[in-house]
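Written below as structure tokens is the structure these notes are about.
Every read-out reported here was derived from the displayed coordinates using simple, explicitly stated rules and does not represent laboratory data. As the structure is a computational prediction, the values presented were derived from the model and not from experiment. We place every Cβ from the backbone using ideal geometry, glycine too, and count neighbours over all the protein chains shown.
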Amino acid sequence: ENIGDIKATMAPMVVPLNFPEAYDVSNPYQASYVSLEDMRHWNHAPSNPGALEKNDISFAFTLEGLKNTKDLHKNIRRAMEYGLSETRALEALTSEPARLLGKSEEIGTLDVGRYANFLITSGPVFEEETTLYENWVMGKRHVLADMNQKDIRGDYALSAGGKEFALSVSGTPASPKLEVKKGEEVLESKIKYENDWVFASFSDGSEPYRTTALVDKSTEDLSGKMVLPDGTETRFTARKTGDFKAETEKSDSKKAVPELLPLSYPNVGYGYMTLPKQEDVLFKNATVWTGEADGTLLNTDVLVKKGKITKIGSNLSAGGARVVDATGKHLTAGIIDEHTHIAGLAINEAGHNSSAEVKMTDVLDPEDINIYRNLGGGVTSAQLLHGSANPIGGRSAIFKLKWGRSASEMIYTDMPKFIKFALGENVKQSNWQSFDRFPQTRMGVEQVFENYFQRAKEYQVLKDSGKPYRYDEEMEVLAEILRGERHISCHSYVQSEINMLMKLADRMDFKVNTFTHILEGYKVADKMAEHGVGGSTFSDWWAYKYEVKDAIPYNAAIMHSQGVTVAINSDDSEMSRRLNQEAGKTVKYGGLSEEEAWKTVTLNPAKLLHIDDRVGSIKIGKDADLVLWSDHPLSVYAVAETTYIEGVPYFDRTEDIRLQQRMTEERSKLTEMMLDEKAGGTAVQPPGQKQKRTFTCDSL
């Protein structure tokens, strides 16, 4: 999927061969639980080694992940069917791991002066019919099969007890398999072959036949002693009637190359076959919610060029841009979610009371389907926050929802520095009954901040003194806060703790940037305005735990009335898709104007995140992060028709319908392919109903 990025690392790879088996998709109900992502992985996984070879990436094989080590050669053969060469397959097991271990002068090749580590086989090492005879380790011989033992495979005719039997010996020379037929009837049989002795038996109904033969290398026939069903001993001769032919030799046509379905960006459901491109666009006759002093403009044009808003006005010339008729529709800046946990592969590093050393940029998952779903709700930017397990959490990631791009391409350039702090029930661990980590009480939470910022002050003094000091990642981050270079977004609920942190910040000479959740903000809004801290809250969440029992839906409007910059956030992968409706609730509860309500999910969160010079409103020079709505954006009837980020249409409702149709066709094709493989004898049961886990602040 990311072969270009992998090659760019210039790092050798250690590659597993644990290719997934086909799912049993014969039951349509069960098959519906197999994700398209898993079906694609089944289709493409065997091509992985070949893709690495094609891109000249060094790799070694590992047994890690294989349920049965005997599957190693089988899966290598499968990878060879998908493009891996025999030479690179062998190197991945010999010379390449030797090189990675720095032992190329001792092992990994057959060369003078190397250790005598080698194999003796009957043919090319990866062929299914090849027998491994001997394994030599540092000159010591280990015999696995007698290489001088005669190959007895082939077809034979046998007369015994007045009956005629046809014998077919297949398998490998060292480990043959026996099939016995009487006419067209296949009889139960078994065979053992070692030290030139053949022991075979078969049953004709309830009549058993047992044979023993010493192989005579001077003849093709097999002769020896037989015990008949009545116990009589007699001599037998099985006359050879035909030579053994491997299945590969029996096939007249060359084995078909497995079909690989196209990859998408990202390679999950709703991925694009080709990445959408930046385009110049002229929106004509829209109702434009500028979010600026101009307010909402009727029948207005907006011109986008090279990812920027270049003109706003009437009767604008397209100048070669694609024209979109937006008559009767509403154009807004993209929604910004100040507090989300979508696209996070992990949320809480909960092992101790400060995790300032961890970064959410390390765990941004560009394939999380919630990115696409949020685009469908008009969201274009978000802050991925650490959870609230610790008073001092991890550093956040501010990113644009560029579906199909890599994580590094999503993260804001010159990203403002933020860190998550937390107060309340979560940090004192009352919700998961942990009794082995400080703090356990609210007074302990305050002391954590006191202790860490005192240490940070002393660390900065020592660092500035020019004397030797030990670099400390946590202290570096907290010192950035003291210097005003890193901003705090603090999980909070009750007024006493909100007051506590603002007073502590005043004592330690730093500022809190944002109180997030802040459901009792209405009680301390005047003090928040005096401190200069913003509030990012829920519209009407209430009573989901004890410390939110005083929450009221008028909270956002009351904070706004006192001069606090107010945003509505989600902290929820589902609510983030309808933040436009959450903003609308502030009109009902508190009487915010429609324009001020809209700012709670656009310009205000941009201000809180210090990105309002780039996004959050429709203004000449800002990024063209825009949403074209079918209706009034605060209405429950409005849907985002197209969502642009920097002039790129990352979501289009018409294209969404085509994506759904394409996925239906793709699933049908992959289902057919899995059923074909199941017919060959391998398949695993589909998983039960499952959903990819989503996170909130207190997810562990």
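Calculate, in whole percent, how much of the Cα-Cα pair population of the stretch 335-615 lies beyond 35 Å. Tail fraction, whole percent: 13. Modelled spin-label separation between residue 632 and residue 212, with each label point placed 7 Å from Cα along the Cα-to-Cβ direction: 9.8 nm. Checking the Cα-Cα distances for 74/402; 549/585; 402/523 against a 30 Å cut-off, the pairs over it are 74/402; 402/523. Here's the list of aspartates and glutamates a cross-link from residue 240 could span, going by alpha-carbon distance under 12 Å and ignoring same-chain residues fewer than 8 apart: 155, 220, 221.
With coordinates expressed along the principal axes, the C-alpha atoms belonging to the stretch 451-547 extend over 52, 26, 20 Å, beginning with the largest.
Among the DSSP helices (H) of the chain, those spanning at least 24 angstrom by Cα along their long axis with an average Kyte-Doolittle hydropathy of -1.0 or more are 442-465; this is a geometric and hydropathy rule only.
Candidates 423, 142, 113 compared by Cα position along the dipole of the chain: farthest toward the positive end lies 423, with charges placed on Cβ. Of all lysines in the structure, the ones whose alpha carbon falls short of 30 Å from that of residue 463, not counting any fewer than 8 places away in one chain, are 359, 417, 420, 503, 511.
Placing +1 on the Cβ of every Lys and Arg and -1 on the Cβ of every Asp and Glu, with no other charges, gives the chain a dipole of roughly 660 debye about its Cα centre.
Taking 0.36 nm per residue of separation and subtracting the Cα-Cα distance, full extension of the segment from residue 77 to residue 700 would add 220.1 nm. Using the Cβ of residue 316 as centre and a radius below 9 Å, the other residues enclosed give a net charge of +1, where K and R count +1 and D and E count -1. Converting the Cα gyration tensor eigenvalues of the stretch 34-131 into ellipsoid dimensions via √(5λ) gives semi-axes, longest first, of 27, 16, 12 Å.
Given R₀ = 30 Å, what would the calculated FRET efficiency be for residue 438 paired with residue 509, taking r from the Cβ atoms and rounding to 0.05?
0.75
In the stretch 116-245, Cα pairs under 8 Å separated by at least six residues give a relative contact order of 18 percent. A simple packing score, the average count of other Cβ atoms within 10 Å per residue, orders the peptides 279-292, 384-397 as 384-397, 279-292, with the highest score first. Taking all Cα pairs closer than 8 Å and separated by 6 or more residues, the relative contact order of the stretch 375-496 comes to 25 percent.
Expressed per residue, the C-alpha convex hull volume of the chain stands at 245 Å³.
When the P(r) of the stretch 116-245 is calculated, the portion above 26 Å amounts to 29% of the C-alpha pairs. Each principal axis of the Cα cloud of the stretch 213-344 was taken in turn, and the coordinate range along them, longest first, works out to 108, 37, 25 Å.
Per-residue ellipticity at 222 nm computed for the chain from its helices equals -7000 deg cm²/dmol, with DSSP H segments shorter than 4 residues left out and the rest contributing -39,500 (n - 2.57).
Measuring r between the beta carbons of residue 190 and residue 120 and using R0 = 22 Å, the FRET efficiency lands at 0.20. Applying 1/(1 + (r/R0)^6) with r as the Cβ-Cβ distance of residue 37 and residue 85 and R0 = 25 angstrom yields a FRET efficiency of 0.30.
Geometric descriptor of the stretch 175-221, per residue, is 84 Å³ (volume of the convex hull of the Cα atoms).
For the pair residue 457 and residue 127 in one chain, pulling the backbone fully straight at 0.36 nm per residue adds 112.0 nm over the alpha carbon distance. Here the stretch 434-477 is treated with +1 on each Lys and Arg Cβ and -1 on each Asp and Glu Cβ, and its dipole about the Cα centre works out to around 100 debye.
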